[in-house]
Amino acid sequence: MIENNNKFPKNFIWGTATSSYQIEGAFNTDGKGPSVWDTHSHTEGKIKNNDNGDIACNHYSLWEGDCNLLKNLGVTAYRFSTSWPRIFPKGIENKPNMLGLDFYSRIVDTLLENDILPFLTLNHWDIPQGIEDLGGWPNRDVINYYLEYTYWLSKHLGDRVKNWITHNEPWCISYKGYIEGDFPPGLKNNWSKSIATTHHLLLSHGMAIPEIKSNSAESQIGISLNLTPAVPASLSEYDIDECDRFDGVFNRMYLDPLFKKSYPQDILDWLVEDNLIKKSDLEILSDQDLQIIATDADFLGVNYYSRAIIRNKKISKEKNLPVEIKASEKTDFGWEVHPESFYKLLIRIKNDYSLKKIYITENGCSYKNGPDKNKIINDNKRIDYHSSHLLSLKKAIDNGVPCEGYFAWSLMDNFEWCEGFQQRFGLIWVDFNSLERIPKNSFFWYKNLINRNGAEK
């Protein structure tokens, strides 16, 4: 548990987070157009149990009650995303859908009335299907549509929203959409489109910063990356090399251009040498673009869940060394609980990159504990997870990491992408039939922790 000497700095931001497609529902209400996730989840076999986000938590109708829960929780900030196709139904319109803008305006006003800072994420994966039909993120022209969307959001909300996140976890869009294929658009092993997607996401981030600043001069703007430290399963050269590649693709491919104005050369060389891409595929990575990507942002959002233990599976067991590092305790999602790696990650990015400010924009775990007959939800493992990771975070802060806030993922159980409704990350239980919300014990634990700023009484 968090001890007395682990009180967090004064004015440390305590928050929680959600995303539009995961909670809103109302997939075709008030002029909203289809997103790529509407299309994906309506395709047979793409989501467990063929679940979809048509209703999700019905936050679109129940948002006032959800804001009351935020107030009760005592958070000082709330991170949420806006639905791009709720603002531009096809993604290519000249003017926004005002019903969509007004929905988010009401949420922002209510948050501010309750002294909760809105942290708005512009792209949490649910881009308009109309944009995907034009080629999606591999098409450089999509950047212009994203900037139009950014302009209207910042113009309409920038007088009140002062904290902006351009993209959430671009790796997921690029890798899971074009290499693994379980995210939209569902392509596999298409490294050329994956590289183009990565580049255009990062480029649009850099271009969005002055766009937002023009409408909201006092805003602070960043990007959220899902950073995952990796360790080799053994000390064999095969596992070490594979671990380096994982780190390059997962972490350095995003951190390096943002903070060093370059992509990791070892990864680019590997892609060419292994005939995964043509050398000509790299011509889009111009020095001019890299200058824009590295536009001075105000903060980096860090999303951390677990570490990765890397084994080179192309090498036979006979030729490789035995596995020496094995995963410890795992969540119901199968992700290892490893707060020590959280600390190591934060120290690494402090030492390797020039960072002004960090927010932990996601950190959480999935456990399926439901309510007992008295509607009490004992999710002590979730409490232990957050507590141990906050201890690691405080240790990192004490060692110079410029972190100024923590957002627990997530406010409530929700549509967990390809897992459908099977994984529960929320501080609040959601009955997906009745849509009843029941705060878990972790909700009350977090409320007390916020009240004392991380210190025990």
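Here are a few things to note about the model shown:
- Taking segment 369-397 as the range and being within 21 Å of the chain's Cα centre (by Cα) and among the charged types (D, E, K, R) as the test, only R382 passes.
- Residues located in segment 415-427, provided they are touching a residue at least 40 places away in the same chain (Cβ under 8 Å) and surrounded by 24 or more Cβ atoms within 10 Å (Cβ to Cβ): F415, R424, F425, L427
- Here D244 clears all of (1) touching a His at 6+ places or on another chain (Cβ under 8 Å); (2) free of Cβ contacts under 8 Å to residues at least 24 places away in the same chain except the condition numbered (1).
- Scanning segment 353-380 for residues that are of a type outside the set (V, I, T), touching an Asp or Glu at 6+ places or on another chain (Cβ under 9 Å) and under 28 Å from N11 (Cα atoms) gives Y353, K356, K357, Y359, E362, C365.
- Lone qualifier among P89, P85 - being in a loop (DSSP other than H, G, I, E, B) and crowded, with 20+ Cβ neighbours inside 10 Å: P89
- Filtered residues of segment 338-368 (kept if touching a Phe, Trp or Tyr at 6+ places or on another chain (Cβ under 6 Å), crowded, with 17+ Cβ neighbours inside 10 Å and in a loop (DSSP other than H, G, I, E, B)): N363, G364, C365, S366
- Looking only at segment 157-170, residues that are more than 14 Å from S81 (Cα to Cα) and crowded, with 20+ Cβ neighbours inside 10 Å come to 2 in all.
- Scanning segment 93-107 for residues that are crowded, with 18+ Cβ neighbours inside 10 Å and either of a type in the set (S, T, N, Q) or under 14 Å from D66 (Cβ atoms) (or both) returns N97, F103, Y104, I107.
- Some residue of segment 58-77 being among the hydroxyl-bearing types (S, T, Y), buried (at least 21 other Cβ atoms within 10 Å of the Cβ) and not in a loop (DSSP other than H, G, I, E, B): no
- On inspection, G45 fails the criterion of being out of contact with any Phe, Trp or Tyr (no Cβ under 6 Å at 6 or more places or on another chain), buried (at least 21 other Cβ atoms within 10 Å of the Cβ) and either at pLDDT 95 or above or in a helix (DSSP H, G or I) (or both).
- Test: residue in segment 266-275 that is among the acidic types (D, E), over 21 Å from K350 (Cα atoms) and within 27 Å of the chain's Cα centre (by Cα): yes
- Number of the condition not met by K313 [criteria: (1) more than 21 Å from the chain's Cα centre (by Cα); (2) part of a helix (DSSP H, G or I)]: (2)
- Checking every residue in segment 380-400 against the condition of being assigned to a loop (DSSP other than H, G, I, E, B) and either crowded, with 18+ Cβ neighbours inside 10 Å or touching a residue at least 60 places away in the same chain (Cβ under 8 Å) (or both) gives zero matches.
- Flag for S262 being among the hydroxyl-bearing types (S, T, Y), free of Cβ contacts under 8 Å to residues at least 24 places away in the same chain and assigned to a loop (DSSP other than H, G, I, E, B): no
- Inclusion of F333 among residues that are of a type outside the set (D, E, K, R), assigned to a helix (DSSP H, G or I) and within 20 Å of the chain's Cα centre (by Cα) is not warranted.
- Test: G130 is in a helix (DSSP H, G or I), of a type in the set (G, A, S) and either closer than 14 Å to Y149 by Cβ or under 22 Å from the mean Cα position of the chain (by Cα) (or both): yes
The values are calculated or read from the model by the stated rules, or taken from the named source; none is laboratory data. These numbers were taken from a predicted model, which means no experiment stands behind them. Using ideal geometry, Cβ is built from the backbone for each residue, glycine included, and neighbour counts are taken over all protein chains shown.
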